[in-house]
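See structure below.
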Amino acid sequence: MSFESWAAFAAASSILLIIPGPTVLLVVSYALGQGWRTAFPMAVGVALGDFTAMTLSMLGLGALLATSATLFTILKWVGAAYLVYLGIKLWRAGGTLDAQPRTDAVSAAKMLGHAWLVTALNPKSITFFVAFLPAFLDPAGDFLTQMLVFETTFLVLAFANAFGYALVASRARRFASNPRAIGVVNKVGGGLLVGAGVATVSFAGSRT
């Protein structure tokens, strides 16, 4: 695996993780209601959930790669287009972060389990990974090595993202509930995501 391939994957993953979705909303909800102590168990739960969804997706992609190189190449282009679509959708989302504080008293273990379930069992997670990962996989390289590197990278970023969201939400509640601030984040993230999609198109095309 080249450094450029890994760097492109890490950059696109970082942008994608920042986008508020069901997992981020859950993390923010707990943090708004119960403070910074929720950060670690929620971040661990999110990382485990992404590990589950990503592993299932990677195993499916490995089977597809072994079966049909043509379908795998098509998925690369679908994944690149998907990034652009997500970027446009995020840009148009405006200032939306509908996270209500959760004040129910639950243990750290239950928070972890809740975050894992929401992340791992969300059908969009597996669909996302199936569309996203092929753009960065090298069919000629060792699949298991790439799987290990990409999963480790994504899980570290996912943990850091969830931990950061929890800390920001617990210490800067006005920011988390400010539509204008969230709107700026969405527009910047959307623009970067479109750029990542375009770059991924070029990257995928150069390796086809």
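The values are calculated or read from the model by the stated rules, or taken from the named source; none is laboratory data. Bear in mind the structure is a predicted one, so any value in this text is a computation, not a measurement. Heads up: the accessible areas ignore ligands, DNA and RNA and are worked out on the full protein's heavy atoms, side chains in. Shrake-Rupley method; radii C 1.70, N 1.55, O 1.52, S 1.80 Å.
Residues in the range 61-68 carry Karplus couplings, in order, of 5, x, 5, 5, 4, 6, 8, 8 Hz; the curve used is 6.51 cos²θ - 1.76 cosθ + 1.60 with θ = phi - 60°, and Gly or Pro positions show x.
Ordered from largest to smallest accessible area (heavy atoms of protein chains, 1.4 Å probe), the residues Val198, Val84 come out as Val198, Val84.
Heavy-atom accessible area with a 1.4 Å probe sorts Val168, Val28, largest first, into Val168, Val28.
Extension gain, Trp6 to Asn122: 0.36 nm times the residue separation minus the Cα-Cα distance gives 39.2 nm. Ordered from largest to smallest accessible area (heavy atoms of protein chains, 1.4 Å probe), the residues Lys89, Lys110 come out as Lys110, Lys89. You can think of it this way: the chain between Ala109 and Val78 has 7.4 nm of extra reach, that is 0.36 nm per residue less the Cα-Cα gap.
Spherically averaged projected area of the convex hull of Cα atoms, the range 110-167: 4.7 nm².
Counting 0.36 nm for each residue step from Leu56 to Val188 and taking away their Cα separation leaves a gain of 44.4 nm.
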